[in-house]
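Remarks on the structure that follows.
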Amino acid sequence: MDAVKRQLHLNLFIHGRGHHEASWRHPDSSSLALTDIRYYQDLAQRAESALFDSVFLADQLALGDDASQAARTWLEPVTVLAALAVATRWIGLIATCSTTYTEPFNLARQFGSLDHISNGRVGWNIVTSWLAAAAANYGGSGQVSHADRYARGEEFMAVVKALWDSWAEDAVIDDRKRGRYAKPERIRPIDHSGPYYQVAGPLNLPRTPQGRPVFVQAGSSDTGRRFAARHAEAVFTAHLEKKTAQEFYADLKALTAAEGRSPEQVLILPGLSAMIAATEAEAQRLARELNELSDPEVGRKRLSSRFGGHDFSRLPLDRPLVPQDFPPTSSVEAARSRTEVILNLVRRESPTLRQLLGTLAGARGHFTFAGTPEQVADLIEDWFTDGAADGFNVMPPLLPSMLDVFSAEVIPILQRRGLFRTAYAGATLREHYGLPRPQSAFDEAMLEKI
């Protein structure tokens, strides 16, 4: 690193009324409907006031079978980002969109438009959709295999990158006097023809303020890591202990270097769901209070979804689990990285099913913690300085209350330690993340001629 001190990056992951599965029932969570746009605008504005790098919205392309007992983020995330863009000025805005069930031209157009609307603050969380129920909503031809999802994803990336590069930086001249809006020689088709997509192009939208959205990714399987090493600029990841986070961090940075990219240009942001109070005992009491609102049968259904619909209904709640209680991860076409997190916990601690469901209720396999603001700041600094993270995907168990506590009590400690910004230094998400603006294909072609 150069003389500039390395800085933490903090993303707010907005999920339901909080990341604990029972958050929607708790009196400290928001009373606004999850279809009320003011809820998301308010959270984004609170995060911007606290100087977060970004906010993030996940997505699910099917209704879960626990809808009667669970509350999630219901609004379509790309649409929500447009509303957040006009309600905020600085904070980055990241939304999930699937390469499995979206056409590249549509996605390039939507995220390109959002980058213009927000003046360069948009990121795209790239997912290869794994839910079996989602497949039934998009043609009903069966769940796409893990390998096919990533093969399709690679071609999808080639297409959208080419579309975002189909206009040169100087293509638009907007010359009213001479009646010339754009230079046609600086706009070109992409003429892509591959096994999954045939796209002529060019995009019907000029090059965006960031060149293209920031690429975010969250798959941590071997295939997912290699995909991230080739494409991702920020990676959301789940770890239940620091040791596995360090191993993931070192491996992904090495894979990135092997792809000819700078490891510093891929930010690794593990999930952190912290219950914070003035004393450790009070924080633990609040965590227990939330856990007591959980329904084990909701957790059992979610566990089944994680393992591709595997039937866990016959497992007793209070017998210690063994790996043989789960299907082999090689047979799971869902999110394999999260199934590995769960199986590693079972191998390491042999929890009962009830205990496992309680752990997953907190943040679905992400790191959970209950303690004081100082303890949370210590944990963040330890992971950040000891090769486990470049920052964190902050996942408050209750929204907005635990976001407010984190912002008012934890962030000032990090600022006093010189680990986190005291003001925004740039206006775009790339600038917040310290990422370069991608060179356009037109510029690269020009350099080749020199």
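Just so it is clear, none of the values below were taken in a lab; they were calculated from the coordinates. Small disclaimer: the values here were computed from a predicted structure and weren't measured. No Cβ is skipped: glycine too gets one built from the backbone with ideal geometry, and neighbour counts run over all protein chains shown.
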_Based on DSSP loop calls and a cut-off of at most 15 other Cβ atoms within 10 Å, the longest stretch of the chain free of exposed GluC sites (Glu not before Pro) is what?_
1-168
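Grab the beta carbon distance between Ala147 and Gln284, set R0 = 41 Å, and tell me the FRET efficiency rounded to 0.05.
On the way: r = 43 Å, r/R0 = 1.05.
E between Ala147 and Gln284, to the nearest 0.05, is 0.40.
So what is the relative contact order of the chain, in percent, for Cα pairs below 8 Å that sit 6 or more residues apart?
Normalised by residue count, the contact order of the chain is 23 percent.
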*Using Cα positions and a limit of under 12 Å, work out the aspartates and glutamates in reach of Lys253, with same-chain residues fewer than 8 apart set aside.*
Glu233, Glu264, Asp390
*For the chain, what does -39500 (n - 2.57) per DSSP helix run (n ≥ 4), summed and divided by total residues, give at 222 nm, in deg cm²/dmol to the nearest 500?*
-11500 deg cm²/dmol
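Evaluate the charge dipole of segment 174-221 about its Cα centre and quote only its size in Debye, nearest 20, assuming +1 on the Cβ of each Lys and Arg and -1 on the Cβ of each Asp and Glu.
The dipole magnitude comes to about 360 debye.
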*Most mobile listed residue (Asp386, Asp318, Asp175) in the chain, GNM with C-alpha springs under 10 Å*: Asp175
*Among the listed pairs Lys161/Lys243; Lys5/Lys243; Lys242/Lys301; Lys161/Lys183; Lys5/Lys242, give every one whose C-alpha distance is greater than 30 Å.*
Lys161/Lys243
_On Cα atoms only, tilt of 37-49 relative to the major axis of the chain in degrees_ = 90 degrees
_Residues whose placed amide H lies under 5 Å from that of Thr237, excluding near-sequence neighbours_ = Leu269, Gly271
*asked:* With angles folded into 0 to 90 degrees, how steeply does helix 104-117 sit against the dominant principal axis of the chain? Use alpha carbons for both and round to 10.
replied: 90 degrees
*By how many degrees, 0 to 90 and rounded to 10, does the Cα axis of helix 280-291 deviate from the longest principal axis of the chain?*
90 degrees
*Based on the Cβ-Cβ distance from Arg89 to Ser304, what FRET efficiency comes out when R0 is 41 Å, to the nearest 0.05?*
0.45
*Rounded FRET efficiency, nearest 0.05, which uses the C-beta distance separating Arg319 from Asp174 and R0 of 56 Å*: 0.20
*Among Asn204, Val86, Leu252, whose Cα lies farthest out toward the positive end of the dipole of the chain, if unit charges sit on the beta carbon of Lys, Arg (+1) and Asp, Glu (-1)?*
Asn204
*Write down the percent of antiparallel bridges among all DSSP beta bridges whose residues are both part of the chain, to the nearest 5.*
20 percent
*Rough spin-label spacing in nm, given labels placed 7 Å along Cα→Cβ, for Arg437 and Trp74*: 4.1 nm
*Gain in span if fully extended, Tyr196 to Asp251, counting 0.36 nm per residue against the direct Cα distance*: 16.8 nm
*Hey, for a label at Glu374 modelled as a point 7 Å past Cα toward Cβ, could you say which residues of segment 409-445 have their backbone N under 13 Å away?*
413
*Once Lys and Arg get +1 and Asp and Glu get -1 on their Cβ, which of Ala62, Leu107, Pro27 lies farthest toward the positive end of the dipole of segment 1-159?*
Pro27
*Could you tell me the distance between the Cα centroids of segment 414-436 and segment 253-277, to the nearest Å?*
16 Å
*If you build a Gaussian network model of the chain, linking Cα atoms that sit under 10 Å apart, which residue out of His310, His19, His239 swings the most?*
His310
*Can you tell which of Ala278, Ala370, Ala58 shows the greatest fluctuation in a Gaussian network model of the chain with Cα springs below 10 Å?*
Ala278
*Could you work out how far the C-alpha centroid of segment 67-111 sits from that of segment 151-200, in angstrom?*
23 Å
*Please report, in debye to the nearest 20, how large the charge dipole of the chain is about its Cα centre when each Lys and Arg carries +1 at its beta carbon and each Asp and Glu carries -1 there.*
680 debye
